1. Counting pairs of alpha carbon atoms under 8 Å apart in space and at least six apart in sequence, what relative contact order in percent does the chain give?
2. Under 17 Å from the 7 Å Cα→Cβ point of residue 43, by amide nitrogen: which residues of the stretch 321-347?
3. Show me 158-165, 2-9 ranked by packing, highest mean number of other Cβ atoms within 10 Å first.
4. May I ask you to work out the translational diffusion coefficient for the stretch 214-304 at 4 °C, viscosity 1.567 mPa s, via Stokes-Einstein with Rh from the Kirkwood sum over Cα pairs, reported in whole µm²/s?
5. Whenever you get a sec, line up 255, 132, 191 from highest to lowest accessible area (probe 1.4 Å, protein heavy atoms).
6. Excluding ligands, DNA and RNA, what is the solvent-accessible area per residue of the chain at a probe of 1.4 Å, expressed in Å²?
7. Sorted by average packing, counted as other Cβ atoms within 10 angstrom per residue and highest first, what order do 195-205, 120-130 take?
8. Kindly give the semi-axes, whole Å and largest first, of the ellipsoid equivalent to the stretch 304-347, taking each as the square root of 5 times a Cα gyration tensor eigenvalue.
Amino acid sequence: MRALVYHGPGQRAFEERPDPIILEPTDAIVRITKTTICGTDLHIMKGDVPTVTEGRILGHEGVGIIEQIGLSISNFEVGDHVLISCISSCGRCPTCRKGMYSHCENGGGWVLGNLIDGTQAERVRIPFADTSLYPIPPDTDEEALVMLSDILPTGFECGVLSGRVQPGDTLAIVGGGPIGLAALLTAQFYSPAEIIVVDVDDHRLDLAKTFGATWVVNNSDGHAVEKVMALTNHRGVDVAIEAIGQPATFDICQSIVAVGGHIANIGVHGKPVVLNMDKLWSHNITLTTRLVDTVTTQMLLKTVVAGRLHPDQLITHHFPLNQIMQAYDTFGNAQRERALKVILSND
Ligand SMILES: [Zn+2]
Ligand SMILES: [Zn+2]
């Protein structure tokens, strides 16, 4: 089969690899029909994720058809159309039993395209398939569902749920990339009164407005804090969602959070940040961190099938899987290419 393989920082190739085989009775082999590229894959390509070693097939998102199942699989059959979760979970260890699948103690968690070969390939081996795949109802738009492998649950769980967004809240989302926009879409389940999106790219900010942002702030001049404070009568925001993962964007969040507010971090941080406890110690705020557990995937799937949520809005580009090298170039120059999510089709 053909697959996108990481060969060290800055080096990738679309090349021939052996088809995956069943290794454990809990495995399934899925023929990928649609997959995508994540911002995390770009971090990997820069060498920021040391757990990814040379020769790894990347990708942790996608949908497909089951081709083979291990002996102990009971929820699925060959031929089933399935959504792949970016988080694999045994469903039985103490951490999984707490709903913290991202920290599964039996070899699950974020393993796809990280510790084991991933989904940017014609086929993938899915461990713990019974508890890591979701059946796709008939006549569902499978491209929209690719957004449910990672970005929708991530924006929702790490941003909206951890940030405890309430009706009437003033919410700021710092970062208007796919994850920030996924938080924007799902925050609206809770009817916040104001949603301010901060980014440096006017195209993304325009999209944010069409997705439900009430205000957008372009931070190219570095004055986002003053602008957000002016928009909130110098009160600040009830919830500040960090959707980039840099010290500067974290700093915006801690500077705009109102008393009693919440900072919900989603961003993957590669460097330490300064936490301004000298200002925040008395402000009754909470700060949360989380790796997505994908505990809300089933709920999000229902809202998409019911037409309440339209994650296909996040898809800007389509490529056949055999043009994935070009797709990486497009996604890697997101601002110039006006790219959010790219869909790669293997048909
Ligand atoms: Zn991802
Ligand atoms: Zn587990």
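The values are calculated or read from the model by the stated rules, or taken from the named source; none is laboratory data. Bear in mind that the values here come from a model prediction, so they are computed numbers and not experimental data. In this analysis, Cβ positions are derived from the backbone assuming ideal geometry, glycine residues included, and neighbour counts consider all displayed protein chains. These area figures cover heavy atoms from the full protein model, side chains too; ligands, DNA and RNA do not enter into them. Shrake-Rupley method; radii C 1.70, N 1.55, O 1.52, S 1.80 Å.
1. RCO, the chain: 17 percent.
2. Of the residues in the stretch 321-347, 332 have backbone N under 17 Å from the label point off residue 43.
3. 158-165, 2-9
4. Taking Rh from Cα pairs, D becomes 89 µm²/s.
5. Order by accessible area, largest first: 191, 255, 132.
6. About 42 Å² of surface per residue is accessible.
7. Working: 195-205: 22.0, 120-130: 24.8.
For the peptides 195-205, 120-130, the packing ranking is 120-130, 195-205.
8. 22, 15, 5
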